[in-house]
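The values are calculated or read from the model by the stated rules, or taken from the named source; none is laboratory data. All values reported here derive from a predicted model rather than from experimental measurement. We place every Cβ from the backbone using ideal geometry, glycine too, and count neighbours over all the protein chains shown. Quick note on the areas: whole protein, heavy atoms, side chains included, nothing else; ligands and nucleic acids left out. Shrake-Rupley method; radii C 1.70, N 1.55, O 1.52, S 1.80 Å.
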Amino acid sequence: MCTNLSPKMLTLTVALLALLCASASANAIQARSSSYSGEYGGGGGERFSHSGNQLDGPITAFRVRVSRYYIVGLQVRYGKVWSNYVGGSSGDLEEIFLHPGESVIQVSGKYKRYLRKLVFVTDKGRYLPFGKDTGTSFNAVPLHPNTVLRFISGRSGSVIDAIGLHWDVYPSTCSSC
């Protein structure tokens, strides 16, 4: 069956198709900006995720509790809001703040059954190390260019059992940072 479309209807149909294609392309580009690295460590502990915290802004600081052998616990500041603390209470608490506009672009570390070392590398060339240098090494970077560490997840109990790293674009606006 053949139907004849008026020039006005044809123009409207082409415009609608162009709009749908542009929308699909934008969604495809957004979907390709995020990536995940991990999970590095053992299988014990309870799952945690800071996925909702990224809505408070970019990562601006870290609190890491370290014992003689393990990364015991951690807390991340997103914008000006600290996440829930995960992990145990033993060891020494260390705190490092990022400079305004600074982002984490690489995370490396070591683990055996538990997380033993974390090193956050920033786009300003700073290395922020926590923990001890023993175990199996890992090195995590985002899959896509111009993306940064947006939030963490993992498993924890009395120590940090494992960590996962979630990468995406830096938030374009952050009124609370």
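When the accessible area of the stretch 35-169 is computed with all protein chains present and a 1.4 Å probe, what percentage of it is carbon and sulfur?
About 48 percent, which is the carbon plus sulfur part of the accessible surface.
So with the 1.4 Å probe, I'd like the accessible area per residue for the stretch 117-177, rounded to whole Å².
I get 46 Å² per residue for the stretch 117-177.
R0 = 35 Å: FRET efficiency of Asp133 with His99, Cβ-based, nearest 0.05?
0.85
Estimate the FRET efficiency between Tyr170 and Trp82 by the formula 1/(1 + (r/R0)^6), using the beta-carbon distance for r and 25 Å for R0, to the nearest 0.05.
Using R0 = 25 Å, I get an efficiency of 0.80.
Once the piece of chain linking Arg32 and Arg47 is laid out straight, how much longer is it, given 0.36 nm per residue of separation minus the C-alpha distance between them?
Difference between extended and current length: 2.9 nm.
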